[in-house]
Amino acid sequence: MTIGAASMLAGHGGLPEIYTGYVAVCYALVAVLSLIHLDKHAPHAHFGSANRITLARGMVASLLGGTVPVVTGLDTGTLWAASAAALLALVLDGVDGWIARRSRMASRYGQHLDINFDTLMMGILALLAWQSGKAGVWVLAIGLARYVFVAAGWVWPWLNAELPFSQRRRVICVVQIAVLLVCLTPLMVQPLSSLAAAAALGLLLFSFTVDTLWLVKNGAGKPK
């Protein structure tokens with residue numbers, strides 16, 4: 001379905017024919033992310049509507065990711081459509097968790113899938129902001145922050161300790177995606193786009209700092 005949609009879009013609005021190939025590469029990444037932690041879907045026997053909605057967000061991310069190499073050639077209408085698609089993914093981000101809880105299909109797999117796709121979407125939108133000249137290369141830190149934190153956990157395993165639920169974390173994630181999708185619109189230009197992205201990055205770094213300090217304070221880094 002994703003590749004079919006990309007084929008229909010290719011050749012319109014500044015999207016070249018190779019756009020379909022770019023989308024295919026992004027969708028391959030989505031497929032890999034979908035398989036990670038699949039064992040944590042137990043004890044549920046069915047995939048569930050919530051996870052299907054999360055996968056729909058992955059499809060949207062693939063279509064957006066395919067525009068990264070060609071974003072400077074997109075016309076105004078396509079940029080607005082891309083921003084609307086990112087907004088749709090953001091709305092679905094709030095729907096899938098609600099459905100999982102209502103249907104009693106919440107699982108660790110769904111949680112990981114949600115986080116992975118959020119991170120992927122932020123990375124794609126950060127790349128679009130950079131490639132379109134809306135912000136400097138530093139904006140990629142928004143998409144890389146979680147991966148850096150995970151990589152740091154390989155060096156300092158105490159960073160892998162489970163963190164308590166935080167509404168702050170969820171709100172700041174939404175802010176990142178919202179700011180970056182607004183930056184993608186034709187209305188947002190420099191230097192306002194850079195200032196908005198910098199503020200979003202500042203919030204993200206603040207959130208990671210708070211979580212790291214919590215781990216330190218609660219003795220996660222102390223030998224047992």
Report task. Find out how many positive minus negative residues lie around Ser83, taking Lys and Arg as positive, Asp and Glu as negative, among other residues whose Cβ is under 15 Å from that of Ser83. Result -> 0
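Run the helix sum for the chain: -39,500 (n - 2.57) per DSSP H stretch of 4+ residues, divided by residue count, reported at 222 nm to the nearest 500 deg cm²/dmol.
Estimated from H runs of four or more residues: -23500 deg cm²/dmol.
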Query raised in the report: Which trypsin sites (Lys or Arg not before Pro) does region 83-127 hold that lie in a coil by DSSP with at most 14 other beta carbons within 10 Å?
Result: Arg104
Query raised in the report: What Kirkwood hydrodynamic radius, in Å, does region 65-157 give when the mean of 1/r is taken over all pairs of distinct Cα atoms and then inverted?
Result: 15.1 Å
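For the chain, which whole percent of the accessible surface, found with a 1.4 angstrom probe, sits on carbon and sulfur atoms?
Using a 1.4 Å probe with all protein chains present, the chain comes out at 71 percent carbon and sulfur.
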Query raised in the report: Ignoring ligands, DNA and RNA, how do Val68, Val137 rank by accessible area with a 1.4 Å probe, largest first?
Result: Val137, Val68
Requested in this report: Could you tally the net charge around Leu55, taking each other residue with its Cβ under 15 Å from the Cβ of Leu55, Lys/Arg +1 and Asp/Glu -1?
Outcome: -2
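How many percent of all Cα-Cα pairs in region 112-224 sit more than 20 Å apart?
43 percent
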Query raised in the report: Which of Leu120, Leu195, Leu180 moves most in a GNM of the chain, Cα contacts under 10 Å?
Result: Leu195
Report summary line: Computed from every Cα-Cα pair in the chain, P(r) in 10 Å bins starting at 0 and rounded to whole percents is 8, 31, 35, 21, 5, 1, 0
Report task. Can you tell me the relative contact order of the chain? Whole percent, Cα pairs under 8 Å, sequence separation 6 or more. Result -> 21 percent
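The values are calculated or read from the model by the stated rules, or taken from the named source; none is laboratory data. Keep in mind the model is a prediction, meaning the values are calculated, not measured. Methodologically, a virtual Cβ is constructed for each residue, glycine included, from the backbone with ideal geometry; neighbour enumeration extends over all protein chains shown. Surface areas here come from the heavy atoms of the whole protein model, side chains and all, with no ligands, DNA or RNA. Shrake-Rupley method; radii C 1.70, N 1.55, O 1.52, S 1.80 Å.
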